[in-house]
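Asker: I have a structure I would like to understand better, so I am pasting it below and will then ask my questions one at a time.
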Amino acid sequence: MTLELACGQAPVCGVDEAGRGPWAGPVSAGAVILDPDRIPKGLNDSKKLSAKARAALEEEIKAVAISWCVGLASIEEIAQLNILHAAGLAMRRAVEGLAVTPAFALVDGNYAFKLPCPVKTVIKGDSLSCSIAAASILAKEARDRIMIEADALYPGYGFAGHKGYHAPIHVEGLRRLGPSPIHRLGWAPVKAALAAAAVNGELDL
């Protein structure tokens, strides 16, 4: 909690997003105020943790945190605002949803989004701050569940496995089926896959 203590204000929330890179699905953000006396062991960047470790830590974070919240921005909001500002919108919703108003926010990355409290950006913050790491875990776990549910609604793209990111099954699904209702239609990889399908006669556009 070194970074949190260095802020000189309390309570401090960590904020991080998940889902800026995928071709489909919303972008999510977590906001977490940890109890300094009840820090879960093993907190780290969510991408460096196994699925089993993330699931266990998500449950523990929710049980011991002073406050936590996950915010989302939809594919429509991503298209309207662009992915950077949609991520900022998800972060703002997460911070606004906290039951305790933070005095300060530590945000992963180098872009200072406008949040309901003062902000300090931290490059690679999910590896340096316990509260940012906790936020990254909640954001990823929440978004992963959405994409697993989407796989049942829109079979053929492999959403449950790759969660909307690049994968051969995803490219093949786009070429064979066209975009689903949760695809980010303005994204270059989606456009490219659809264009290739049209040229090859695999999809009637």
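The values are calculated or read from the model by the stated rules, or taken from the named source; none is laboratory data. This structure is a prediction, so every number in the text was calculated from the model and none was measured. Heads up, the Cβs are rebuilt from the backbone with ideal geometry, glycines too, and the neighbour counts pull from every protein chain shown.
Asker: Taking PRO155, is it surrounded by fewer than 17 Cβ atoms within 10 Å (Cβ to Cβ) and under 26 Å from LYS52 (Cβ atoms)? Steps first, answer last, please.
Answerer: Numbers: surrounded by fewer than 17 Cβ atoms within 10 Å (Cβ to Cβ): yes; under 26 Å from LYS52 (Cβ atoms): yes.
For PRO155, the condition - surrounded by fewer than 17 Cβ atoms within 10 Å (Cβ to Cβ) and under 26 Å from LYS52 (Cβ atoms) - is met.
Asker: Kindly provide the set of residues from the range 39-61 that are over 15 Å from the mean Cα position of the chain (by Cα) and of a type in the set (Lys, Arg), ordered by number.
Answerer: LYS41, LYS52
Asker: Still on this structure: For the range 42-70, how many residues meet the condition of being assigned to a loop (DSSP other than H, G, I, E, B) and modelled with pLDDT of 95 or more? Please lay out each step first, then the result.
Answerer: Quick first cut of the range 42-70, residues assigned to a loop (DSSP other than H, G, I, E, B) only: 42-45, 49-50, 65-66.
Applying the additional criterion that residues be modelled with pLDDT of 95 or more yields 65-66.
Within the range 42-70, residues that are assigned to a loop (DSSP other than H, G, I, E, B) and modelled with pLDDT of 95 or more number 2.
Asker: Sticking with this one: When you scan the range 98-201 for helices (runs of 4 or more DSSP H) that lie fully inside it, which ones turn up with 1 or more residues that are modelled with pLDDT under 95 and not assigned by TED's automatic domain parsing to the domain that holds LYS62? Spell out how you get there, then give the answer.
Answerer: Details: elements: 125-128, 130-153, 159-162, 168-177, 188-199.
In the range 98-201, the matching helices (runs of 4 or more DSSP H) lie at 168-177, 188-199.
Asker: Would you confirm whether or not the range 24-32 contains a residue that is within 23 Å of TYR165 (Cβ to Cβ), touching a strand residue (DSSP E or B) at 6+ places or on another chain (Cβ under 7 Å) and part of a loop (DSSP other than H, G, I, E, B)? Steps first, please.
Answerer: Step one: list which residues in the range 24-32 are within 23 Å of TYR165 (Cβ to Cβ), which gives 24-30.
Going one step further and asking which of them are touching a strand residue (DSSP E or B) at 6+ places or on another chain (Cβ under 7 Å), we end up with 24, 26-30.
Cutting the leftovers down to part of a loop (DSSP other than H, G, I, E, B) gives us 26.
Yes, there is a match, as at least one residue in the range 24-32 is within 23 Å of TYR165 (Cβ to Cβ), touching a strand residue (DSSP E or B) at 6+ places or on another chain (Cβ under 7 Å) and part of a loop (DSSP other than H, G, I, E, B).
Asker: If you don't mind, another one. Take ALA87 and decide whether it is out of contact with any helix residue (DSSP H, G or I) (no Cβ under 8 Å at 6 or more places or on another chain), within 16 Å of GLY19 (Cα to Cα) and assigned to a helix (DSSP H, G or I).
Answerer: Details: out of contact with any helix residue (DSSP H, G or I) (no Cβ under 8 Å at 6 or more places or on another chain): yes; within 16 Å of GLY19 (Cα to Cα): yes; assigned to a helix (DSSP H, G or I): yes.
Considered against the rule, which asks whether it is out of contact with any helix residue (DSSP H, G or I) (no Cβ under 8 Å at 6 or more places or on another chain), within 16 Å of GLY19 (Cα to Cα) and assigned to a helix (DSSP H, G or I), ALA87 comes out as yes.
Asker: Moving on. What is the number of the single condition among (1) closer than 28 Å to ALA63 by Cα; (2) surrounded by 21 or more Cβ atoms within 10 Å (Cβ to Cβ) that GLY164 does not meet?
Answerer: For GLY164, the failing item is (1).
Asker: Continuing with this model, one more query. Got at least one residue in the range 97-110 being surrounded by fewer than 22 Cβ atoms within 10 Å (Cβ to Cβ) and at positive phi?
Answerer: So far as the range 97-110 goes, yes, one or more of its residues are surrounded by fewer than 22 Cβ atoms within 10 Å (Cβ to Cβ) and at positive phi.
Asker: Can you confirm whether the range 62-80 contains a residue that is surrounded by 24 or more Cβ atoms within 10 Å (Cβ to Cβ), within 16 Å of the chain's Cα centre (by Cα), of a type in the set (A, V, I, L, M) and closer than 12 Å to CYS13 by Cβ?
Answerer: Taking every residue of the range 62-80 in turn, none turns out to be surrounded by 24 or more Cβ atoms within 10 Å (Cβ to Cβ), within 16 Å of the chain's Cα centre (by Cα), of a type in the set (A, V, I, L, M) and closer than 12 Å to CYS13 by Cβ.
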